[in-house]
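Here's the structure, in structure tokens; my notes come after.
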């Protein structure tokens, strides 16, 4: 299969990235990051999560974030909604797109959301129905699609009915999350092949973590299979709680640099993107996990 001519980058740093930081990040910093990302040309930004502050204190200010940021035309600012209370909060905050999620492993589903996969699907269906009735778009996530930290490897064939169930309930797109970053390119192709047997390839997104250094290779493998939506996190924000000390999300800068090299359109200004990443890691006082950003910033600073 030929490579896509254009790829949509779905930026998850302000949510999936910042929620892994050890200390809460203030609203002004989150808003500045989101607005810099939009100014760089990112058209889909996961900007918060309406989860209980008791469980994820870093996302406690999501109402304030959505109430403060200046929304650019053509940019989607989405939020993760784990339950009905979270969805109600998101609707009140004026969110226009939400995400629901399930896990590919029974063990992970129980430990992460205290329910079975079947119960997770039922919860997602209820949330999707209400969200759609309110005029919101809904994106579906499947986590640990390659391997579960408690259960081990995931059989790709099991992902097909889960993906179809999310699509059938009203999700416009299904993001396949290699949450532990254990996948390799061959495994990624098997995962995409299995899912594409049940839903159209243009409804599939990849969410790769770089725990084992395979994320870019896995994304390239997915592109070869026809996937044209990639989740990523500016500056590689986000850790991997199942592999202490390892990096988490693939860095958006690294993905964009690779796409540039292949002549694939995406609409993002790499230099502005690098500056957005530099802004947030300076605020956080941490290392930039994007190799591309480190190289470009080193050139600028010399």
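Only the coordinates and a few stated rules stand behind these numbers; no lab work does. Please read these numbers as outputs of a predicted model, since none were measured by experiment. Neighbour counts run over all protein chains shown; Cβ positions are idealised from the backbone, glycine included.
Separation of the stretch 126-175 and the stretch 25-76, taken as the distance between their Cα centroids, equals 23 angstrom.
Identify which of 141, 212, 77 has the largest mean-square fluctuation in a Gaussian network model of the chain, with springs joining Cα atoms closer than 10 Å. Among 141, 212, 77, the largest GNM mean-square fluctuation belongs to 212.
Multiplying the residue separation of residue 6 and residue 26 by 0.36 nm and removing their Cα-Cα distance gives an extension gain of 3.8 nm.
Legend: ranking of residues 208, 115 from fewest to most surrounding C-beta atoms inside 10 Å; resulting order 115, 208. Normalising the average separation of contacting C-alpha pairs (under 8 angstrom, six or more residues apart) by the number of residues puts the relative contact order of the stretch 20-129 at 22 percent.
Average projected area of the Cα convex hull of the chain, in nm²? Write out the running numbers ahead of the final one.
Details: hull surface 56.0 nm².
So the Cα hull casts an average projection of 14.0 nm².
Could you check what % of the DSSP bridge pairs in the stretch 8-301 are antiparallel, to the nearest 5?
Details: 4 of 37 bridges.
Counting DSSP beta bridges with both partners in the stretch 8-301, the antiparallel share is about 10 percent.
Which of 285, 238, 41 moves the most in a Gaussian network model of the chain with Cα springs under 10 Å? The residue with the greatest mean-square fluctuation here is 285.
When you restrict to C-alpha pairs under 8 Å that are six or more residues apart and normalise by the size of the chain, the relative contact order lands at 20 percent.
Within the stretch 243-289, the proportion of Cα pairs with more than 17 Å between them is 42 percent. Distance from the Cα centroid of the stretch 1-15 to that of the stretch 203-273 is 8 Å (rounded to whole angstrom). If you run the Gaussian network model on the chain, springs between alpha carbon atoms under 10 Å, then out of 58, 283, 43 the most flexible one is 283. Just how many % of Cα pairs in the stretch 75-197 lie over 18 Å apart, if you round to the nearest whole percent? Tail fraction, whole percent: 50.
Over the chain, dividing the summed -39,500 (n - 2.57) contributions of all DSSP H runs of at least 4 residues by the number of residues returns a 222 nm mean residue ellipticity of -12500 deg cm²/dmol.
Rank these for me by crowding, 172, 220, going from fewest to most other beta carbons within 10 Å. Please list the in-between numbers first.
Details: 172 13, 220 17.
In increasing order of surrounding Cβ atoms, one gets 172, 220.
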